[in-house]
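A short write-up of the structure that comes next.
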Amino acid sequence: MTSQAITIRGLTKAFGRNAVLRGVDLDLPAGQVTVLMGANGAGKSTLVKVLCGVHAADAGEIRLDGRAFAPAGPAAALRSGVVTVHQNINDGVVPDLDVASNLLLDSLAEGGGLFLNRRRMRAEAGKIAAAIGLELDMARPVAGLSLADRQLVAIARAMAHRPRLLILDEPTSSLSLTEAQRLFALIDRLRGEGVAILYISHRMSDIRRLADRIVSMRDGQVSGLFETVPLDYSGAVRAMLGHEITEVDIAIPVPGAVMLEARGLRLKPEARAFDLTLRRNEVVAITGLVGSGKSALAAALFGLEAPVAGEMRLDGRDYRPRRPAEAVAEGVFLAAKDRLINAVVPGFDIQQNLTLPFTPRHAGPLGLIRRAAERAAAERAIAAMGVVCQGPRDGILTLSGGNQQKVVVGRWMAEASRLLILDEPFQGVDIQARRDIGRRIRDSAAERATLVLCAEIDEALEVADRILVMSEHTLVGDHRNENIDLARLMTEVSGAADRTKEPA
């Protein structure tokens, strides 16, 4: 019989009148990966924060290896062997410190004199990094690392604690396929060593690869447990949502006039130049691995970084934005990825976050903001995107991750534009929120040209009329979203396709 590393019985937690956890019963067996699925707002994050000592439960009991477990804080949970890698990467790293200091941060916090010698400290950190195959300069500041490398540093730091329970919250959201496979191998090793793993994800590819069992949550309660092989993935999704999943209807429209045309565009000196045409009333998705050049293309189109070569025309006129303000003035909008780093202003409410780029448009003759106009614009965006909230003056951080993402996307869909660029618009959202955002993107496509950048092929298939593939900062594939050759598409995404062939 499998031993239970963690047993949870009758766990409840409320914030004011809002009951977030409602009598949760859950077992986390040693040596197994339990995947936790739940719509945004189901209570997953609160459950994790109780387990890792950020919040105290109002009622109920948690037992770790048979003993009562009620950590007074994150440090106490860590000492007990409960280690968490949060979805927000900056919760797991300190950007101003170097890699070595981050990997040994917990030992430094405890005042370990062993690590005051910088040379010895970097040697110890190097051993931790080597254990997961992480090849980074130990003296490099974390602030200079890519998001994927920051994620790997946070994971390596967690592994150094020899966890009894390891909690991973959407750990592959910023990782390339190769990096994700490395993480999966580590999880397999820890599973074999008897570590209990709670893996929170909406990615079915991750779930199919890792899950020994699936737990679904809805409205603060466990709504389904699936541990009979073969696992019932569809049943887990139904239990999570409380209904059958609704699909985005892909009816390929007739594309409109050319909105953006790029010729001989080169994003890196060593990259091959390519052409790009985007039309009104067409949703074009660009997919590719992390680092393939999708975000570099967005930066060039939005005036964040000038391309090495090439020319662009927007609505028939030369287009050479030198800064984002010029792009916005021309009607080119970018909803950036990694919302907590690049898009959400934590201290602002929902209304302020929704209207931030267009504040001057809500100002009166004397430059004062007309709050009624601003509120009306925010309420329209909330209704259009289906943001679940009490009202527009709620703090943005009171929302679930999926609703925060709807605010980020809705901010740029609330005003008329020529070209809307959405960089990873489905990042960190549940399946139904993904459908809601995708439906809104398609419903408004006639108003503009739309470019969606996404690493997940499934996301591209759900939202796009046409799918382009990037590899090594150039386009290597162009497919109409009808009877797509998925094998060919996957080959192009992996970088194995013949790059001498120009996109169709």
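What to note about this one:
- Against the test of being crowded, with 17+ Cβ neighbours inside 10 Å, assigned by TED's automatic domain parsing to the domain that holds V85 and of a type in the set (D, E), the options D188, D206 yield a single qualifying residue, D206.
- For region 163-179, taking the residues that are modelled with pLDDT of 80 or more and over 17 Å from the mean Cα position of the chain (by Cα), the one that is surrounded by the fewest Cβ atoms within 10 Å (Cβ to Cβ) is identified as R164.
- All strands (runs of 3 or more DSSP E) inside region 281-356 with 3 or more residues being over 19 Å from the mean Cα position of the chain (by Cα): 282-287, 309-314
- Among the residues of region 208-224, those that are more than 26 Å from A180 (Cα to Cα) and of a type outside the set (S, T, N, Q) comprise R218, D219, G220, V222, G224.
Conditions (1) more than 24 Å from P29 (Cβ to Cβ); (2) touching a residue at least 12 places away in the same chain (Cβ under 8 Å); (3) not charged (D, E, K, R), marked per residue:
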{"position": "R67", "(1), (2), (3)": "no, no, no"}
{"position": "A70", "(1), (2), (3)": "no, yes, yes"}
{"position": "A75", "(1), (2), (3)": "yes, yes, yes"}
{"position": "G81", "(1), (2), (3)": "no, yes, yes"}
{"position": "R119", "(1), (2), (3)": "yes, no, no"}
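- Top-ranked residue of region 7-42 - restricted to ones that are in a loop (DSSP other than H, G, I, E, B) and over 22 Å from A76 (Cβ atoms), ranked as modelled with the lowest pLDDT: N40
- Filtered by the rule that a residue be out of contact with any Lys or Arg (no Cβ under 7 Å at 6 or more places or on another chain) and of a type in the set (G, A, S), region 296-334 gives A296, A298, A299, A300, A306, G316, A325, A327, A329.
- Breaking point among (1) without any contact (Cβ under 8 Å) to a residue 24 or more places away in the chain; (2) of a type outside the set (D, E, K, R); (3) touching a strand residue (DSSP E or B) at 6+ places or on another chain (Cβ under 8 Å), for V20: (1)
- Residue in region 36-44 that is more than 26 Å from G401 (Cβ to Cβ) and either touching a residue at least 40 places away in the same chain (Cβ under 8 Å) or not assigned by TED's automatic domain parsing to the domain that holds Q405 (or both) present: no
- E459 vs. criteria in the same structural domain as S295 (by TED's automatic domain parsing), of a type in the set (D, E, K, R), farther than 21 Å from T287 by Cβ and at pLDDT below 90: no
- Within region 374-390, no residue satisfies the criterion of being out of contact with any helix residue (DSSP H, G or I) (no Cβ under 7 Å at 6 or more places or on another chain), of a type in the set (G, A, S) and in contact (Cβ under 8 Å) with a residue 12 or more places away in the chain.
- Condition met for D188 (within 22 Å of the chain's Cα centre (by Cα) and in a helix (DSSP H, G or I)): no
- Lone qualifier among E374, E379 - being outside the structural domain of G438 (by TED's automatic domain parsing) and either among the polar types (S, T, N, Q) or modelled with pLDDT of 85 or more (or both): E379
The values are calculated or read from the model by the stated rules, or taken from the named source; none is laboratory data. None of the values given here were measured: they were computed from a predicted structure. Note: ideal-geometry Cβ built from the backbone for every residue, glycine included; neighbour counts use all protein chains shown.
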